[in-house]
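See below for the structure under consideration.
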Amino acid sequence: MARRIGEFELIARYFAPLAKGFKGARGLKSDNAFLAADARNDLAVKTDTIVSGVHFLANEKPELAAARALRVCLSDLAAGGAVPFAYQLALSLAEGWTERWVAGFARGLAADQRRYGIVMSGGDTTGSPGPTTITITAFGKVARAKGLGRDGARAGDELWVSGTIGDAALGLLVARRRLTGASLEKRYRLPQPRTELGSRLIGVANATADVSDGLIADAGHIADASGLAVHIERESIPLSAAARRAVNSDPSLWAYVLGGGDDYELVIAISPRKRTALQAAARASRTKVRCIGSFRPGKGVHLTVAGRETRVARKGYVHF
């Protein structure tokens, strides 16, 4: 049986050629496209789809489904250094949908519009014989030609990460009743995009990505796009108190922390000369950041535990 190709190989083989010659697409290797808006600004554009029962719980509250759909796009805009501006919604409702569900969904969007300073600008609504599917296209503003992507890391750069890692993946286990911890479950159900930090990384970071597929995977995406290897020290990875208790109780849960995804924190490549600037940006945005590794000549992701390189058991979320 022929091997089915993965997401990034599929994009590179079939869709990247369709964007050839369009500079703003960046070869489809970054989370956002950047379109010239005026003499001073580019428009960062990101589309993301979430499917009931796949990317959010099938019985999720509509307010939380709305928040997740919008916030995963805002996280990508943050990784691009963009300030949220507007969005469009394409909503495909499963058979048996109710007006009550849609009303709750709209309330969730309205709350996040106020929170993040973004407004709906259009979209589409349809019925579906399959599960409810939510697609958001979000637009953000960023200084002309300054938008951040995955491909700018340089040998010698440090790898930093915002917030804490692993809470969302462990939170999904809580939601599935395989683990306990209310704070972990909240991190899974309600992502917190780093919009305040992201827009302050212009001129500070060389490359960025958000942690959607998993820390190992998304740090690896920066390394691959930049033609480098990334080295990560597990002891340096910031964990919440709840996540720390979980992995201390069951070390096998490290696989979820490193590869589970859905944290929507930022992984950031910076020159060591930019440490002070990054820390200032973090303070201004009330966000904690920590250095967890470095970029070096070579290929792939290299994880060390207690100073010894170890095999990565789970590299990240796989769509296919």
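The values are calculated or read from the model by the stated rules, or taken from the named source; none is laboratory data. The structure presented is a predicted model; accordingly, all values stated were derived computationally and were not measured. Cβ coordinates were reconstructed from backbone atoms using ideal geometry, including for glycine residues, and neighbour counts include every protein chain displayed. Areas reflect the complete protein model, heavy atoms only, side chains present, ligands, DNA and RNA absent. Shrake-Rupley method; radii C 1.70, N 1.55, O 1.52, S 1.80 Å.
For this structure, a couple of remarks:
- Among (1) in contact with a helix residue (DSSP H, G or I) (Cβ under 8 Å, 6 or more places away or on another chain); (2) outside any strand (DSSP E or B); (3) touching a residue at least 40 places away in the same chain (Cβ under 8 Å) - the single one THR180 does not satisfy: (3)
- Selection count where residues are assigned to a loop (DSSP other than H, G, I, E, B) and either at negative phi or within 19 Å of the chain's Cα centre (by Cα) (or both), scope the stretch 160-177: 5
- Residue match in the stretch 265-284 (condition: farther than 18 Å from ASN206 by Cβ, modelled with pLDDT of 95 or more and of a type in the set (Lys, Arg)): yes
- Against the list (1) surrounded by fewer than 16 Cβ atoms within 10 Å (Cβ to Cβ); (2) more than 22 Å from the chain's Cα centre (by Cα); (3) closer than 25 Å to ASP31 by Cα, the condition ARG107 fails is (3).
- Scanning the stretch 148-171 for residues that are farther than 17 Å from ARG290 by Cα, open to solvent by less than 10 Å² (accessible area, probe 1.4 Å) and not hydrophobic (A, V, I, L, M, F, W, C) yields a total of 2.
- If you go through the stretch 184-224 and keep only what is among the polar types (S, T, N, Q) and over 13 Å from the mean Cα position of the chain (by Cα), you end up with SER199, ASN206.
- Identity of the residue in the stretch 8-58, within 20 Å of the chain's Cα centre (by Cα) and of a type in the set (Asp, Glu), that ends up modelled with the highest pLDDT: ASP48
- Members of the stretch 78-95 found to be under 29 Å from PHE34 (Cα atoms), of a type in the set (A, V, I, L, M), in a strand (DSSP E or B) and open to solvent by less than 50 Å² (accessible area, probe 1.4 Å), listed by number: ALA86, LEU89, ALA90, LEU91
- Here THR276 clears all of (1) surrounded by fewer than 18 Cβ atoms within 10 Å (Cβ to Cβ); (2) β-branched (Val, Ile, Thr); (3) assigned to a helix (DSSP H, G or I); (4) touching a residue at least 40 places away in the same chain (Cβ under 8 Å) except the condition numbered (4).
- The set of residues in the stretch 124-159 that are over 30 Å from ALA36 (Cβ atoms) and assigned to a strand (DSSP E or B) comprises THR125, THR126, GLY127, SER128, THR133, GLU158, LEU159.
- Close pairs (6 angstrom Cβ cut-off, 6 or more residues apart or separate chains): more than 20 Å from ALA86 (Cβ to Cβ) and in contact (Cβ under 8 Å) with a residue 12 or more places away in the chain in the stretch 37-54, surrounded by fewer than 20 Cβ atoms within 10 Å (Cβ to Cβ) and among the polar types (S, T, N, Q) anywhere: VAL51/THR133
- Residues of the stretch 96-123 satisfying the condition of being among the aromatic types (Phe, Trp, Tyr) and assigned to a loop (DSSP other than H, G, I, E, B): TRP97
- The stretch 1-46, subset part of a strand (DSSP E or B) and out of contact with any Asp or Glu (no Cβ under 9 Å at 6 or more places or on another chain), residue surrounded by the most Cβ atoms within 10 Å (Cβ to Cβ): ASP42
- Verdict on ARG244 being outside any loop (DSSP other than H, G, I, E, B), more than 25 Å from ALA182 (Cβ to Cβ) and without any contact (Cβ under 8 Å) to a residue 60 or more places away in the chain: no
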